[in-house]
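Okay, so here's the structure we're looking at.
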Amino acid sequence: MPQLRDSRSRVSRSEAHPVDYSLRRIIGIETEYGISVTGAERDPDPGTVAMLMFRPVVAATRSTNTYVRNGSRLYIDVGSHPEYATAEARTPIDALRMDAAGELTMHRMAADAQTVLRREYGPHATVHVYKNNVDSAGHSFGCHENYLVRRDIPLDMLGREFVPFLVTRQLYAGAGTWDADGNFQLSQRADFLDDAISSATTRSRPMINTRDEALADSDDYRRLHVILGDSNRSQIATWMKVTTAHLVLCVIEYAVHHGMATGFEGMELADAGAAMRAVSRDRTGMAPLALAGGGTKCALEIQNTYLRVVDRFVREHGDDLALHMADAPECLELWAKALDAVHFDNLTELSTWVDWAAKLRFVDSLRIRHPDVSMAKIRQFDLDYHDVANGRLYDSLVSHGQLHKMLVDSDVEKATVTPPSDTRAALRGAFVAKALDTPNCTWSADWTHVAASVDDHAEAELLDPFRSAPTPEFQIVMAVLDAAR
Amino acid sequence: MPQEQESRKHAITEGTAAQEQKSEQKATEASTGYSDLATGLDSVLDDIESVLEDNAEEYVNHFVQKGGE
């Protein structure tokens with residue numbers, strides 16, 4: 001039986017407290033979007049649609065792989081996926097803003113592409129751009145989270161103490177889906193992941209990818225690449241999955257740096273892949289999961305342990321955390337409520353922000369009004385919920401107050417052109433904005449470099465993701481652009 | 001961002017109430033049927049009626065995506 005919490009932590013600030021840099025983090029979310037067209041007189045292939053979406057990008061940059069004004073990366077990935085990787089954020093709320101800006105960007109690109117498409121494929125051709133993780137044929141694609149951690153955090157420890165958290169967070173972070181037979185799962189990704197932690201990339205789908213590409217000083221950092229998560233439409237779910245993961249990593253890192261135990265010992269799963277699939281099929285959170293050390297715990301017990309430890313950590317280290325994330329207490333509040341709601345099977349409560357619950361509650365209601373609704377229709381609504389181009393269900397749930405948002409629309413609009421102010425993204429964003437507005441300029445950017453050629457050529461390395469102040473090299477690059485304007 | 005702050009405040013105030021109601025919740029949930037489930041969802045169902053007219057099989061089967069990751 002999961003323990004219920006009755007105390008709520010609050011961050012308090014004391015005076016003259018030294019800053020603990022081991023708790024600061026860079027966070028990013030990469031989202032692959034799926035494409036489909038319905039209502040066309042003949043079927044265009046998805047590659048055609050992706051290229052139509054990227055026409056304005058190609059016109060401006062001569063490439064389908066670029067960075068945009070808010071510092072994020074926008075590109076066409078293998079298999080004609082449009083993909084968007086958020087600019088570096090220090091806080092979960094900034095990561096959410098960047099992610100929401102990505103959705104809006106995709107929405108606009110799809111609307112423009114649809115206008116062009118209709119000239120050739122008929123007036124009813126409709127573009128769908130899905131922020132989900134599985135297609136009708138059972139192909140899976142990902143939503144990858146990136147967390148910068150200090151280099152001294154042992155990977156095997158993350159397998160033991162971080163993976164159990166990731167496997168069981170589906171209870172509130174899962175996007176939910178129905179297969180063709182009508183079986184409902186909390187996670188769209190559970191059936192596509194095997195090893196808990198691995199350096200392999202494509203053949204197997206490990207939950208944490210350790211391909212070592214820190215995109216920062218690799219003597220100090222490694223970039224943890226988490227690939228087991230679902231793509232969320234709910235802004236609160238996106239914020240919650242990133243915030244809880246960040247806080248769990250804070251506990252682990254603090255313990256390693258201070259030679260302490262984390263409190264997550266004993267959570268290690270005997271078979272993370274099997275546990276992932278079991279949790280995904282059990283909305284009660286009570287299915288027993290085999291532990292590596294023997295015995296079993298259910299997902300609710302495991303999540304409640306993480307919550308209890310993080311809650312204590314936030315109370316004890318609020319001073320340090322407040323510097324990096326002032327909204328930790330709100331996350332703990334919602335985390336506890338979500339676990340309680342799972343325990344009490346309170347679908348109505350969960351459905352205000354948990355994607356799988358919002359969809360399931362909607363389908364339950366649909367079945368009451370239309371008892372003969374087909375499985376295909378339910379799967380259509382499942383997809384429609386994730387369609388950022390022409391989907392109706394998500395917007396309807398929001399506009400009728402059934403699903404809560406966290407950001408106001410004008411804030412998301414602003415985030416499409418405004419990078420986070422306190423990371424390297426501020427520099428990249430300023431560079432991209434200036435380069436796009438400089439005629440006859442050739443430029444390139446990636447996560448750690450910017451380069452520009454007009455009359456002169458200059459380039460700068462941006463190795464420190466926490467640095468938003470211009471380096472002398474960066475100023476020279478900007479001066480090259482200024483000289484040509 | 002007023003909406004952002006508002007939703008957080010909302011979460012906090014509701015938290016206390018939810019704690020108090022917890023013991024009664026199980027019983028209430030068990031006895032709720034259509035009325036609780038569909039509260040607020042009627043308008044959503046009205047909104048999406050036109051989607052019900054589409055050919056669902058065709059819509060779903062059109063989405064086949066390869067590659068990625």
Where in chain A are the DSSP H helices whose alpha-carbon span along the long axis reaches 24 Å or more and whose Kyte-Doolittle mean is at least -0.5?
A:92-121, A:235-257, A:299-316
Setting aside same-chain residues fewer than 8 positions from residue A:434, which aspartates and glutamates have a Cα under 18 Å from its Cα?
A:446, A:455, A:456, A:459, A:461, A:473, A:482
Listed pairs A:241/A:405; A:241/A:297; A:337/A:405 exceeding 19 Å between Cα atoms:
A:241/A:297
With every protein chain left in place, what is the accessible area per residue of segment A:80-154 in square angstrom, probe 1.4 Å?
27
Using a 1.4 angstrom probe and counting only protein chains, how large is the accessible area of residue B:50 in Å², to 10?
50
Please report, as a whole percent, how much of the solvent-accessible surface of chain A comes from carbon and sulfur atoms (probe radius 1.4 Å).
49
Please report the relative contact order for chain A, taking Cα pairs under 8 Å with a sequence separation of at least 6, and give it as a percent rounded to a whole number.
21
Can you tell me the dipole magnitude for chain A around its Cα centre, using point charges on the Cβ only (Lys, Arg +1; Asp, Glu -1), in Debye to the nearest 20?
900
Going by Cα centres, segment A:142-193 and segment A:210-252 are how many Å apart?
11
Let me make sure I get this right: for chain A, a, b and c are the square roots of the gyration tensor eigenvalues over alpha carbons, sorted descending. Under 1.5 in a/c it's rounded, otherwise prolate if a/b > b/c, else oblate. Which is it?
oblate
Using the Cα centre as the reference, give the magnitude of the dipole from point charges on the C-beta atoms of segment A:425-483 (Lys, Arg: +1; Asp, Glu: -1; all else neutral), rounded to the nearest 20 debye.
220
Charge context of residue A:367, other residues only, Cβ under 12 angstrom, K/R +1, D/E -1:
+1
Here the net charge surrounding residue A:67, from other residues whose Cβ is less than 10 Å away from its Cβ (Lys, Arg +1; Asp, Glu -1), is +2
Cβ under 13 Å from residue A:400's Cβ, residue A:400 left aside: what net charge do those residues give with Lys, Arg +1 and Asp, Glu -1?
-1
Between segment A:406-456 and segment A:336-402, what is the separation of their alpha carbon centroids in Å?
37
Among A:429, A:474, A:460, which residue has its Cα furthest toward the positive end of the charge dipole of segment A:425-483, with +1 on Lys/Arg Cβ and -1 on Asp/Glu Cβ?
A:429
With unit charges on the beta carbons (Lys and Arg positive, Asp and Glu negative) and the dipole taken about the Cα centre of chain A, which residue among A:117, A:44, A:366 sits farthest to the positive side?
A:366
Would you calculate the convex hull of the Cα atoms in segment A:425-483 and tell me its volume per residue in Å³?
63
Just the accessible area per residue of segment A:425-483, please: how many Å² with a 1.4 Å probe?
46
Helix-derived mean residue ellipticity, 222 nm - over chain A, DSSP H n ≥ 4, -39500 (n - 2.57), to 500
-13000 deg cm²/dmol
Return the value, in Å² to the nearest 100, of accessible area buried between chains A and B (probe 1.4 Å, both sides summed).
5400
For residue A:297, other-chain or 5+-apart residues with amide H closer than 5 Å (H placed, Pro excluded) are A:289, A:291
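The values are calculated or read from the model by the stated rules, or taken from the named source; none is laboratory data. Keep in mind that what you see is a predicted model, and the values were worked out from it rather than measured. Using ideal geometry, Cβ is built from the backbone for each residue, glycine included, and neighbour counts are taken over all protein chains shown. When the accessible area is computed, the model is the full protein with side chains, heavy atoms only, and any ligands, DNA or RNA have been set aside. Shrake-Rupley method; radii C 1.70, N 1.55, O 1.52, S 1.80 Å.
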